[in-house]
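Report on one structure; see the data block that follows.
Any read-out appearing in this document is the output of simple, stated calculations on the displayed coordinates, not a laboratory observation. Values in this document were obtained by computation on a predicted structure and should not be read as measured data. Glycine also receives a Cβ, built like all others from the backbone with ideal geometry; neighbour counts cover every protein chain displayed.
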Amino acid sequence: MKTGKGSIGCGGGERMILLIYNEETGQMEKLNRNCHEDMPYTTDGVLTVDSFRADSRTQLMWSTRQFLESVNISFHELKVPFDVIHGFSRVWEHFEEENFAHKLGTALTGGQNLNSLRRKQLLKNLEMQGDYTHIQDFDHAPAIVHFHQSFDPTSNVIVFETIQVGSVGVSVCALQDALWYLGYEVSSINGIFDEQLREQVISFQKMCGLDEDGIVGVNTWTALMQLIDPEEMRYNI
């Protein structure tokens, strides 16, 4: 699978840390993969680590088993490469509303290498598959294909789900990433909402004048996203 033209790319020996939420077990899986290896739950090069990374600068990414298995089916049916131009995104990268799903690691944009007939066929296949929350229609964006999965979004704009102590998954990863970027005490990004994370959420809510309940819903998500400054990026955690 080729990486999109806008890709940062990574060296042949560089290894990435991947956090994959497994819906079957309810647990986060932590894996290390070379940039040119398949993403977990995909096969035969339909989506490599480097392609999923696309134009991100990170060495840490997250996604879900459900999304990756769905993509594996979709791209195998396509039978030609799907060039990814925008895949995974850290919370502080690409701060645009339509890219929020990329911060969950459950969105892909690309397909500029496909002709219009191929793109239309792929869109039809994605719709028939029924695994995706949103598929951008051809008339709105004829030159690219964008699709994503999200889970019980808090609003039409904020695709992150409401989370609290005990929550596990990619929304928790996005929360940890946002709080870390803003300078709160987040020791690691692991996708697990524990009491220490709740304390940091309450501190943030207090600073913003929000209800100090430790629950991250639409108001807390919106406040977090409004404070992210993509011009001051920190690349390592």
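Using the reciprocal of the averaged 1/r over all distinct C-alpha pairs, how large is the Kirkwood radius of the chain in Å? Kindly include the intermediate steps, with their values, before the conclusion.
Values: mean 1/r = 0.0554 Å⁻¹.
When all Cα pairs of the chain are included, the Kirkwood radius is 18.1 Å.
Quick one: plug the Kirkwood hydrodynamic radius of the stretch 84-221 (C-alpha pairs) into Stokes-Einstein at 20 °C, 1.002 mPa s, and report D in µm²/s.
Stokes-Einstein gives a translational diffusion coefficient of 132 µm²/s.
How would D177, D213, D83 line up from fewest to most surrounding beta-carbon atoms within 10 angstrom?
Fewest to most other Cβ atoms nearby, the residues stand as D213, D83, D177.
Tell me the Rg and the Dmax, in Å, that the Cα atoms of the stretch 15-148 produce.
That works out to 14.0, 40 Å for Rg and Dmax.
Helix-only mean residue ellipticity at 222 nm, the chain, DSSP H runs n ≥ 4 weighted -39,500 (n - 2.57), per residue, nearest 500. What is it? Don't skip to the answer; put the middle values down first.
On the way: 6 runs with 69 residues, N = 237.
Taken over the chain, the calculation gives -9000 deg cm²/dmol.
Ranking C35, C208 by Cβ neighbours within 10 Å, fewest first, what do you get?
C208, C35
Nearest 10 degrees, 0 to 90: what angle lies between the long axis of helix 195-208 and the longest principal axis of the chain (Cα atoms)?
Approximately 80 degrees, to the nearest ten.
Pulled fully out, how much extra length does the chain show between L117 and T25, if you take 0.36 nm times their separation in residues and subtract their Cα-Cα distance? Kindly include the intermediate steps, with their values, before the conclusion.
Values: separation 92, 0.36 × 92 = 33.12 nm, distance 3.91 nm.
Length difference between fully extended and current span is 29.2 nm.
Cross-chain or 8 or more residues apart, Cα under 20 Å: how many lysine pairs in the chain fit that? Count them up, please.
Step by step, the pairs that qualify in the chain add up to 4.
Kindly express, to the nearest 10 degrees and within the range 0 to 90, the angle between helix 218-227's C-alpha long axis and the longest C-alpha principal axis of the chain.
Roughly 80 degrees between the two axes.
Compute the acute angle (0 to 90°) between the alpha-carbon long axis of helix 65-78 and the principal axis of greatest extent of the alpha-carbon atoms of the chain; round to the nearest 10°.
Long axis of 65-78 versus the principal axis of the chain: about 20 degrees.
What whole-number distance in Å separates the alpha-carbon centres of the stretch 100-151 and the stretch 176-191?
Measuring centre to centre over Cα atoms gives 30 Å.
If R₀ is 35 angstrom, what is the calculated FRET efficiency for the pair Q129 and R15, using the beta carbon separation as r and rounding to 0.05? If you can, show how the numbers build up before the last one.
Values: r = 31 Å, r/R0 = 0.89.
The computed FRET efficiency comes out at 0.65.
What does the convex hull of the alpha-carbon atoms of the stretch 55-98 project to on average, in nm²? Could the numbers behind the result be given before it?
Values: hull surface 15.9 nm².
Averaged projected area of the stretch 55-98's Cα convex hull equals 4.0 nm².
Filter the GluC sites (Glu not before Pro) in the stretch 17-109 to those in DSSP coil with at most 12 other Cβ atoms within 10 Å of their Cβ, and list the result.
Numbers: sites: E23, E24, E29, E37, E69, E77, E93, E96, E97, E98; in loops: E23, E24, E37, E93, E96.
Sparse-neighbourhood loop GluC sites (Glu not before Pro): E24, E96.
Along the charge dipole of the stretch 15-148, Cβ charges K/R +1 and D/E -1, which of L60, F88, L117 sits furthest on the positive end?
L60
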